[in-house]
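These notes concern the structure reproduced below.
The values are calculated or read from the model by the stated rules, or taken from the named source; none is laboratory data. Bear in mind that the values here come from a model prediction, so they are computed numbers and not experimental data. Note: ideal-geometry Cβ built from the backbone for every residue, glycine included; neighbour counts use all protein chains shown.
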């Protein structure tokens, strides 16, 4: 499938049952996949153009001309990361008659879930400066535009060691900062706000108390918390099933992820060619390679060269120094 699409749309039209099953697991385990649009670029990198300074516009007198003016454009390169894996199942296990479920199917589910968790992690934390094989995640993208002078893309919630459920005054300050973070996103309507489970549960409690909590349903009929236009999303854990992708041990300024007691949230707006979107060299491929010649295992290969692209510096905002617990 080429062009522009989300995995939800791809799942609806996919006729290969093996690939459809993998796509659906991705959608189940990586909720962001239900919202982010994908563009097929047919290459390992692509150039994007971002508007810089806008041209000036003025007034003129009768019989006089306007002053010429040009805006500035910035060109950036976005890169593809080669993501994939092999699902191997020993022939003896695959042929065993006393297993509860098909061994190859179980292996496929486990590996696909692991890859979904890996994507979730790198979507937030990917940094090709420290690992050249990764794509750049949204945390690094906020740092980049902040360094360029877009200082409004980081919002200091200034919890100062006090949980935002500690008192009504602190709670209202937190909601004011949350509104400020959402307003800073282009169009003032982020589609999703990413956070850790501890922060999500605390925000749910606060919004319920203030009668501001709304809900919707995702494609699997699961209830999704909402505040304003945005899904509230627990980005979850890494493949080890214990390590939080967004931690509660950040320093107050968000510069480190150990040694503190704060957390962060990321408000995001998507749009191909306009805001943040996914890029792929070609669509996800899932191939049953059958029995290997060099050892008695059956192999399925999943291959998906992908990355992220961003044009608008205002499409991602990070809130930091967030204390989700209720004690000071």
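Quick grid of which residues meet (1) touching a helix residue (DSSP H, G or I) at 6+ places or on another chain (Cβ under 6 Å); (2) loosely packed, with under 15 Cβ neighbours inside 10 Å; (3) at pLDDT below 95; (4) at positive phi:
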{"position": "223", "(1), (2), (3), (4)": "no, yes, no, no"}
{"position": "241", "(1), (2), (3), (4)": "no, yes, yes, yes"}
{"position": "253", "(1), (2), (3), (4)": "no, yes, yes, no"}
{"position": "268", "(1), (2), (3), (4)": "no, no, no, no"}
{"position": "273", "(1), (2), (3), (4)": "no, yes, yes, yes"}
{"position": "278", "(1), (2), (3), (4)": "no, no, no, no"}
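Residue by residue, here is whether (1) in contact (Cβ under 8 Å) with a residue 40 or more places away in the chain; (2) at negative phi; (3) out of contact with any strand residue (DSSP E or B) (no Cβ under 8 Å at 6 or more places or on another chain) holds:
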site	(1), (2), (3)
13	no, yes, yes
21	yes, yes, yes
24	no, yes, yes
36	yes, yes, no
43	yes, yes, yes
46	yes, yes, no
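Consider residue 247 carefully, then state whether it is part of a loop (DSSP other than H, G, I, E, B), within 19 Å of the chain's Cα centre (by Cα) and without any contact (Cβ under 8 Å) to a residue 40 or more places away in the chain. No, not satisfied. Which of the residues that make up the stretch 224-240 are in contact (Cβ under 8 Å) with a residue 24 or more places away in the chain and not in a strand (DSSP E or B)? The answer is 228, 229, 235, 236, 238, 239.
Quick check, is residue 193 out of contact with any helix residue (DSSP H, G or I) (no Cβ under 7 Å at 6 or more places or on another chain) and in a helix (DSSP H, G or I)? So residue 193 fails the test. The strands (runs of 3 or more DSSP E) located wholly in the stretch 72-188 that include 1 or more residues which are surrounded by fewer than 14 Cβ atoms within 10 Å (Cβ to Cβ) and either modelled with pLDDT under 90 or assigned by TED's automatic domain parsing to the domain that holds residue 302 (or both) occupy 73-79, 81-90.
Residue by residue, here is whether (1) under 15 Å from residue 324 (Cβ atoms); (2) in the same structural domain as residue 8 (by TED's automatic domain parsing); (3) in contact with a strand residue (DSSP E or B) (Cβ under 8 Å, 6 or more places away or on another chain) holds:
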position: 201; (1), (2), (3): yes, no, no
position: 216; (1), (2), (3): no, no, yes
position: 223; (1), (2), (3): no, no, yes
position: 230; (1), (2), (3): no, no, yes
position: 265; (1), (2), (3): yes, no, yes
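Just for the stretch 296-322: of the residues that are outside any strand (DSSP E or B) and in contact with a helix residue (DSSP H, G or I) (Cβ under 9 Å, 6 or more places away or on another chain), which one is surrounded by the fewest Cβ atoms within 10 Å (Cβ to Cβ)?
296
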